[in-house]
Every structure is written in C-alpha cells, then in structure tokens.
Amino acid sequence: MKLIDERNTRTRWFLKDRFGMFIHWGLYSIPARGEWVMTNEKMSKEKYKQYFDEFDPINYDPKSWAKAAKHAGMKYAVMTAKHHDGFCLFDSKLTDYKATNTKAKKDLIKEYVDAFRSEGLKIGFYYSIIDWHHDDFPHYGDKHHPMRDNEKYKDLDHDFEKYLEYMHGQVHELCTNYGKIDILWFDFSYDDMVGEKWRATELINMVRSLQPDVIIDNRLEASGENSGSILTNNPSFFAGDFASPEQIIPPEGIVDENGNTVPWEACITMNNHWGYSSTDKNFKSPKMIIRKLVECISKNGNLLLNVGPNAKGEIPSESINILDTIGKWMMQNSSSIYNCGKSCLQKPEWGYFTQNQNKLYAHIFEGSIGPLGIQGLNDKVKKIRLLSDGSELKLIKPWNTMDYNDYIFINFGTPEHLTYSLPDEIDTVVEFELLD
Ligand code: GLC
C-alpha cells in the first residue's frame with residue numbers, strides 16, 4: 001500500500017498538469033523514415049554511422065520549441081535522451097556515440113532542459129533501455145535488434161552485465177547532471193527482457209536516491225503492449241508511477257484490480273511516426289487532437305503529444321500549426337483541462353464532461369436539435385457560463401421538453417430562436433458551477 005500512496009503523492013502535479021509534449025529526435029531524422037529505421041531496414045552499426053557523421057542540426061532552437069509547447073498549453077515535456085539506436089543527445093562520459101562528437105558539438109539535452117525550464121515547463125527524459133549500438137546488447141536472436149537474423153553475429157561474444165553497467169551509468173548521469181528532473185520515461189521491456197533482467201530494483205533505488213520526486217513510467221516491466229503490475233493491487237517495486245498506453249486511449253480509463261484509479265498518460269503521434277518522416281503527411285486535425293485531449297481528461301488521464309523534429313532541428317510546420325490551434329483553444333478553455341478529471345456524470349451523447357470540484361465542464365462536440373439536455377443536474381446548478389468568454393447562459397424550458405423532467409436544457413440561440421449551431425465547432429465548453 002505504501003508504494004501506491006507514494007505514487008499518488010508523487011504524481012499529484014502530473015495529474016493536474018494533464019498535457020505534455022513528447023519529442024522524438026535523433027540521427028533517424030536524417031533518413032526520415034521514423035525512429036525504427038535502423039532495425040526496420042536491418043542496417044548495421046557501420047552503415048548507420050553515416051548519419052552520425054552527417055548530423056548537423058543548424059536550426060536547433062529549443063527555446064522556440066519550448067515557446068510552442070507553452071503556447072499550446074503544455075505543462076511538461078519528455079525528450080529522447082537516447083533512443084533504441086543508442087545515439088545519445090546528451091554528453092555522456094560513457095560513450096563517444098553522442099551529440100558532442102557530431103557537427104552539433106553540444107549537449108542538446110542540456111539546451112533543451114534550460115529552454116523548457118525557463119518557460120516554466122517541467123522536464124522529462126525518455127531513455128531507451130534497449131540499445132542497438134552497444135556491443136554488449138544481444139544482437140542475433142533478439143526480437144528487435146537490426147542484426148537479429150544475421151548469422152555473422154550468431155557467435156558474437158557479449159556481456160550483458162557490461163551493458164547493464166553502462167545503462168545504469170547513463171541513467172546516473174541523467175539524474176545527476178541536469179538538476180531536478182520531473183519525469184523519467186524508460187522504454188521498453190519485452191519477452192524475458194523485463195524487470196530484474198534490467199536490474200530494475202537497483203536502478204529504481206539509484207534513481208530515487210538522486211531524484212526522490214521524479215515520476216517514472218511503467219516500462220521497466222511493460223511496453224505499449226501491456227501495462228504490467230501497476231494494474232494489480234500488488235504492484236512490483238518497479239511497476240512505475242503511471243501507465244503509458246501508446247497510440248490508444250483506454251476505452252474506460254485505467255483502474256487497478258480494486259477499481260482504484262491508476263495514473264496514466266496516453267502517448268500519441270500527430271501523424272503516424274514518432275521520429276521525423278518526410279513522407280508521412282497524415283496529420284490528425286487540431287480539432288481531433290483537442291477532442292482526444294478532452295477524452296483523456298474525462299477518463300482521468302494525461303495526453304503526451306509527440307513532435308518529431310527534422311534533421312535541421314526544426315519541428316515540422318504542420319505540427320507547429322496544430323500546436324498553435326490547440327493553443328488558441330486552450331487560451332480560452334484550459335480551466336476545463338488543468339486540475340480536471342472524470343466527472344460525477346455519465347458520458348453524454350454530444351461530447352464529454354470533465355470536472356474540477358464544483359466546476360463541471362460540458363464539452364459539446366455536436367449541436368442539438370433545439371434544446372440540449374443534460375441529465376442529473378436538476379436543482380444542482382448555481383450558475384452557467386460559456387467558458388470561452390464568461391458569458392451567462394440561461395436554463396431554458398421549451399414547450400417540447402415536458403416529458404424530460406430529469407433533464408435541464410440549454411441552447412446557444414435566443415429563447416425565441418433556438419439554434420443547432422455551436423459557438424466553437426471544435427469544442428464548445430460550458431461551465432456549470434454546482435451548488436455545494
Ligand atoms: C515505442 C517505440 C518507440 C517510441 C515509443 C513511444 O515503444 O519503440 O519508438 O519511442 O514507443 O511511446
């Protein structure tokens with residue numbers, strides 16, 4: 001139980017902040033076919049090194065990234081310090097395979113941390129526990145390694161313990177050299193590469209001794225495929241502080257075996273790739289993303305929305321435009337997001353509810369034929385306001401609602417001329433202040 005109490009205390013800010021930016025950036029932005037390109041195309045280390053030699057992000061300006069995130073209403077960010085390809089964006093003393101040895105010549109993580117902190121955002125590191133560059137990580141026969149079926153690597157001598165020393169050492173560096181870290185996002189476990197195989201207890205103890213308040217994801221024993229023991233009523237020591245559903249919003253939110261809420265964060269791409277893809281223009285609309293953010297909150301979850309900067313260090317313009325539209329909506333409506341969660345009412349047909357104590361927010365996605373009904377609020381409402389501009393909305397009782405006494409009704413037209421149209425076609429938010 002103590003573990004769960006500690007988790008709930010640690011994640012308090014996280015569950016209030018609700019919305020963050022994921023940043024997948026590394027050498028893979030040059031081939032521009034996503035961050036798994038090395039293994040999808042079974043590239044050897046030697047072949048992949050061309051991108052290391054070439055990497056020169058002349059337009060890297062994390063301050064502009066931080067401003068874009070802040071404007072969008074994001075409160076924290078998580079950036080790839082090392083992805084599966086093993087390339088380190090930070091200045092690790094334990095390897096030469098790092099940004100400082102590329103044409104970038106600097107610790108890109110340090111600059112990210114400084115920029116995001118100075119905009120008042122909390123900072124997180126994504127760190128891949130898988131490593132396709134390190135000699136002591138399993139090659140042949142591993143499920144994901146680029147050389148998984150290359151016979152030449154069949155008898156390669158490797159010492160996994162040595163890899164673990166390296167991996168733990170790098171986590172130690174990340175926990176020591178950048179001040180207070182808010183989130184550690186390990187990725188990921190599979191088959192028998194899980195939990196104590198990573199020396200997870202020791203790793204967590206080390207992290208906690210250096211960063212007592214940091215919150216940690218669940219992937220030392222899980223992945224996007226499943227959540228691990230965080231869902232049980234007896235989570236392991238390294239079960240993590242939050243579940244990390246990937247490219248899915250859990251249909252009913254996430255609760256443990258006892259029905260207690262489990263902190264969770266859905267990570268979602270804007271197009272269909274995490275790392276930059278030059279051809280993937282399949283971006284979700286800002287409207288869809290805003291609505292999905294609302295859906296997460298209505299189910300007690302967070303949204304970590306990804307951007308994949310290109311080889312020059314620029315966030316794609318499509319993503320910038322999406323962030324901008326989200327920002328405009330958030331400017332008017334963010335009090336229905338921050339500090340909010342699942343409401344006391346069932347999901348309505350026309351959208352979602354979120355709630356922060358006595359403030360209930362109706363997120364209306366679909367206009368109604370005449371009066372828009374809300375069940376369960378009779379005699380419970382003190383006042384009603386359109387959240388975007390604070391203007392008063394009145395309860396109406398049109399002639400055709402006689403049969404629906406357990407509903408209250410509103411509309412955005414005049415009492416004489418009810419309308420089906422909504423003030424904001426993305427998401428019109430109505431704030432109900434409830435009586436105590
Ligand atoms: C995965 C992928 C990865 C991505 C991550 C984001 O498990 O391996 O490339 O970074 O999920 O959640």
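Couple of notes before you dig in:
- Folded to 0 to 90 degrees: helix 160-176 orientation relative to the chain principal axis, Cα: 50
- The residue among GLY390, VAL262, ASN378 whose Cα reaches farthest toward the positive pole of the charge dipole of the chain, with charges on the beta-carbon of Lys, Arg, Asp and Glu, is GLY390.
- Per residue, the accessible area of the stretch 1-132 comes to 37 Å², computed with a 1.4 Å probe over protein heavy atoms only.
- Summary value for the chain: 16 percent relative contact order, contacts being C-alpha pairs under 8 angstrom separated by 6+ residues.
- The angle between the Cα long axis of helix 45-54 and the main principal axis of the chain comes to about 70°, on a 0 to 90 degree scale.
- Proximity of backbone amide H atoms, modeled 1.01 Å from N, is registered between LYS122 and TYR76, ALA77 at under 5 Å, excluding neighbours fewer than 5 places apart on the same chain.
- For the pair SER118 and ASP436 in one chain, pulling the backbone fully straight at 0.36 nm per residue adds 110.6 nm over the alpha carbon distance.
- Axis angle, to the nearest 10 degrees, between helix 62-71 and the longest C-alpha principal axis of the chain: 20 degrees.
- Charged neighbours of TYR276, selected by a Cβ distance under 11 Å, balance to -1 (K, R count +1; D, E count -1).
- Solvent-accessible area of the chain (1.4 angstrom probe, protein heavy atoms only): carbon and sulfur portion equals 49 percent.
- Reachable lysines, given that their alpha-carbon falls under 20 Å from the alpha-carbon of LYS281 and they are not under 8 places away in the same chain: LYS292, LYS312
- Cross-link check: pairs LYS49/LYS75; LYS47/LYS103; LYS49/LYS106; LYS75/LYS110 evaluated at a Cα-Cα cut-off of 28 Å; pairs beyond the cut-off: LYS49/LYS75.
- Pairs of Lys in the stretch 325-436 closer than 12 Å at Cα, counting only those 8 or more apart or on different chains: 6
- Net charge contributed by nearby residues that have their C-beta within less than 12 Å of VAL255 (K/R +1, D/E -1): -1
- Between VAL255 and ASP135, the modelled labels are 5.3 nm apart [label points 7 Å from Cα along Cα→Cβ].
- Summed over the residues of the stretch 255-379 and divided among them, the accessible surface reaches 40 Å² per residue at a probe radius of 1.4 Å.
- For the residue pairs LYS2/LYS284; LYS105/LYS287; LYS122/LYS284, alpha carbon separations beyond 31 Å are given by LYS2/LYS284; LYS105/LYS287.
- The region of the chain that goes longest without hitting one of the GluC sites (Glu not before Pro) in a DSSP loop, each with at most 16 other Cβ atoms within 10 Å, is 42-224.
- In order through the stretch 383-398: 3J(HN,Hα) via Karplus (6.51 cos²θ - 1.76 cosθ + 1.60), integer Hz, x for Gly, Pro: 8, 10, 9, 6, 5, 4, 10, x, 6, 6, 10, 9, 6, 10, 9, x
- Annotation: extensible slack from MET206 through GLU366 equals 52.6 nm (criterion: 0.36 nm per residue apart, minus Cα-Cα distance).
The values are calculated or read from the model by the stated rules, or taken from the named source; none is laboratory data. In this text, all values refer to a predicted model and were calculated from it rather than measured experimentally. Counting neighbours? That spans all protein chains shown, and the Cβs are built from the backbone with ideal geometry, glycine included. To get the accessible areas, we keep the full protein, side chains included, count just its heavy atoms, and leave off ligands, DNA and RNA. Shrake-Rupley method; radii C 1.70, N 1.55, O 1.52, S 1.80 Å.
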